[in-house]
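The values are calculated or read from the model by the stated rules, or taken from the named source; none is laboratory data. All figures in this text were calculated on a predicted structure; none of them were measured in a lab. Reconstructed Cβ throughout: ideal geometry from the backbone, glycine too, with neighbour counts over all protein chains shown.
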Amino acid sequence: MNVKTFSIVDNIQRTLDRVRAAEQRSGRESGEVRVIGITKTFGSETIRDAISLGITEIGENRVQEAAWKFPEVEGEFKKHFVGHLQTNKVKKALELFDVIHSVDSLKIASKIANQGADRKELLLEVNTSGESTKLGVDPDSVLDVLSEISETTGLNMSGLMTIGPHTDNEDEIRAAFKLLKQLYDEVAKSGMDGIEMSGLSMGMTNDFEIAIEEGATMVRIGRALFGERV
């Protein structure tokens, strides 16, 4: 095991300890939150190390990067796409990934439906911060967009995703995550056909503990696990 791997061992243990502590603080069961290791810019050896250390769900935000890395990794692991999904990359993304976190429009949902998405977890991306630099549907439109996706495409949507606001203000970050959890609960209670709220994806290296406290079932962590991007 090389020096880099030793560093990852420490990082993963430290991060998982923080995840479990956040679960405990918020009255959650230990292990309830799924930790998605984001390996953007890291090689396939980092994915192999992560899997061997118990991080068996791996996320990438570029289809073309995953296309060369994933085949180099033996064994089973769940593959998450967490970046912006372009229409011309949908077919390849569906071949590579088990979970798509960034369905951000009816247009993308329709393209996914046309390519076939059996047994995929599909999450609607919501712009909870209102920042113009972020993608995702407006919070006020979530129920309408999900209804339209279900009726128009027949897709089964399984959750919501957001990226927290770009700020160090904990109150603003917490408010964004609270909003997504509120929307998640509203959708779950709506009883819409084809909509099953089983995944709430929010929180990254800088804010995953807040996300867990506000109800996240999936956190997307890169730097805290693997160090600064190469």
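The residues of segment 64-86 that are without any contact (Cβ under 8 Å) to a residue 40 or more places away in the chain and β-branched (V, I, T) amount to a single one, V73.
Inspect all residues belonging to segment 67-75 and state whether any of them is within 24 Å of T162 (Cβ to Cβ), touching a helix residue (DSSP H, G or I) at 6+ places or on another chain (Cβ under 9 Å) and surrounded by 15 or more Cβ atoms within 10 Å (Cβ to Cβ). Within segment 67-75, none of the residues are within 24 Å of T162 (Cβ to Cβ), touching a helix residue (DSSP H, G or I) at 6+ places or on another chain (Cβ under 9 Å) and surrounded by 15 or more Cβ atoms within 10 Å (Cβ to Cβ). Could you tell me whether any residue of segment 30-44 is more than 18 Å from the chain's Cα centre (by Cα) and closer than 24 Å to E213 by Cα? Yes; the residues of segment 30-44 include at least one that is more than 18 Å from the chain's Cα centre (by Cα) and closer than 24 Å to E213 by Cα.
The helices (runs of 4 or more DSSP H) located wholly in segment 1-72 that include 3 or more residues which are among the hydroxyl-bearing types (S, T, Y) occupy 3-25, 44-52.
Among the residues making up segment 118-136, those that are surrounded by 21 or more Cβ atoms within 10 Å (Cβ to Cβ) and either modelled with pLDDT of 95 or more or under 22 Å from A66 (Cα atoms) (or both) are E121, L122, L123, L124, E125, V126, T128, G136. Among residues of segment 18-41 that are under 16 Å from N206 (Cα atoms), those with a beta-carbon under 7 Å from a residue that is among the charged types (D, E, K, R) and part of a helix (DSSP H, G or I) at least six positions away or on a different chain give the pairs R18/E209; A22/E209; A22/E213. Applying the condition of being surrounded by 20 or more Cβ atoms within 10 Å (Cβ to Cβ) and among the charged types (D, E, K, R) to segment 210-224 and asking which residue is nearest to S26 (Cα to Cα) yields E214.
Could you check, for segment 197-205, whether at least one of its residues is farther than 20 Å from H80 by Cβ and buried (at least 20 other Cβ atoms within 10 Å of the Cβ)? There is no residue in segment 197-205 that is farther than 20 Å from H80 by Cβ and buried (at least 20 other Cβ atoms within 10 Å of the Cβ).
Restricting the first member to segment 125-144 and to residues that are of a type in the set (G, A, S), and the second to residues that are exposed (fewer than 15 other Cβ atoms within 10 Å of the Cβ), the beta-carbon pairs closer than 9 Å and six or more apart or on different chains are S129/H166; S129/T167; S129/E172; G130/D138.
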